Amino acid sequence: MKKIISTLKAPAAIGPYSQAVEANGILFVSGQIPINPDTGKLIEGGIAEQTHQVLRNVGAILNDAGYSFKDVVKSTCLLGDMADFKAMNEVYSVYYPEKQPARAAYAVKGLPMGAMIEIETIAVK
Amino acid sequence: MKRSLIIIAALVLFVSFTFDTGNQEKKTVRRVITLDNTPVKRPYSPAIEVNNTLYVSGQIAVDQATGKLVEGKIGEQTLQVLKNLKSVIEKAGYSMENVVKCTVLLSDIAFYSTVNQIYMEFFPKDPPARMAFAVKDLPMGALIEIDAIAAR
């Protein structure tokens, strides 16, 4: 059975998707961009600030669903510019210090709202 | 006498098995798969296994011996990517036949048919579900990246 996750602690969806959906102990978290959940707007700042906000949003959704960063098995990091790879990795390591999830990372042509980064997440409990 | 001993033994086994299962429900076993030459300072694992499902990180055409991208064009890179994918999958005790889903990222959609020809050699029968598209850029300037999910 699928369960829809919805929390005010993470940005509301900006389109026809749920923040996350859980089924059979697997949580599929929608791609998060650096929106401040209080204002609904992209935060100010460069790739480091944006990566922090994205991962705070991911954390809020994981938490609301009863999961944590330790349960994450796979991330997909979409960047607006491959040159941000290193700076993104540094912030990413703060949230995933050990037993890191599998990951794919690449630069895309454009991201919603002109974000510099989007991260999609799968967690398993 | 022998019969009742067997029944008691069976009961003990049953109880301990139930107890174990209860414990497992609380704590999913999470296995990190690393290769001998996986760089330590990298914020992702080559693969993670939970509940008989293996999540494999996106692989690029890095030569495991040198740590650098292989020389050559899309053909050589695709071959190396698939070899890398296979070695992570096999290190985890899985096989290419266990792969259920791949994502193929290309730096140029013109590579599509060349990639498919090589890809087919690694998945000759009942190939996995797949998504393939061109992106703006890949790490290290790679031409191709492939990630995978395997299950058994």
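The values are calculated or read from the model by the stated rules, or taken from the named source; none is laboratory data. Note that the structure is predicted; figures quoted are calculated from it, not measured. Cβ: placed from backbone, ideal geometry, glycine included. Neighbour counts: every protein chain shown. Keep in mind that these areas ignore ligands, DNA and RNA; they rest on the heavy atoms of the full protein, side chains included. Shrake-Rupley method; radii C 1.70, N 1.55, O 1.52, S 1.80 Å.
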Inset, instruction - Among the chymotrypsin sites (Phe, Trp or Tyr not before Pro) in the stretch A:21-86, which ones are in a DSSP loop with at most 16 other Cβ atoms within 10 Å of the Cβ? Mind listing them? - result: none
Inset, instruction - Starting from the amide H of residue B:100, placed 1.01 Å from N in the peptide plane, find each other amide H under 5 Å away whose residue is 5 or more places distant or on another chain. - result: B:149, B:150, B:151
Inset, instruction - Rank these residues by their accessible area, most exposed first, probe 1.4 Å: B:42, B:30, A:56, A:103. - result: A:56, B:42, B:30, A:103
Legend entry - DSSP-loop chymotrypsin sites (Phe, Trp or Tyr not before Pro) across the stretch B:109-152, with at most 10 other Cβ within 10 angstrom: none
Inset, instruction - Among the GluC sites (Glu not before Pro) in the stretch A:1-107, which ones are in a DSSP loop with at most 11 other Cβ atoms within 10 Å of the Cβ? Mind listing them? - result: A:44, A:98
Inset, instruction - With a 1.4 Å probe and every protein chain left in place, tell me how much accessible area residue A:116 has, in Å² to the nearest 10. - result: 60 Å²
Inset, instruction - Work out the length of the dipole vector of the protein assembly as shown about its Cα centre, built from +1 on the beta-carbon of each Lys and Arg and -1 on the beta-carbon of each Asp and Glu, and round it to the nearest 20 debye. - result: 980 debye
Legend entry - Efficiency of FRET between residue B:51 and residue A:98 - r from beta-carbon atoms, R0 25 angstrom, step 0.05: 0.80
Inset, instruction - Return the ratio Rg/(2.2 N^0.38 Å) for the protein assembly as shown, where Rg is computed over Cα atoms only. - result: 1.13
Inset, instruction - Would you mind telling me the share, in percent, of accessible area of the stretch A:1-113 contributed by carbon and sulfur at probe 1.4 angstrom? - result: 55 percent
Inset, instruction - Pull up all non-local amide H partners of residue B:59: gap of 5 or more, or a different chain, and H-to-H distance under 5 Å with H placed in the peptide plane. - result: B:146, B:147
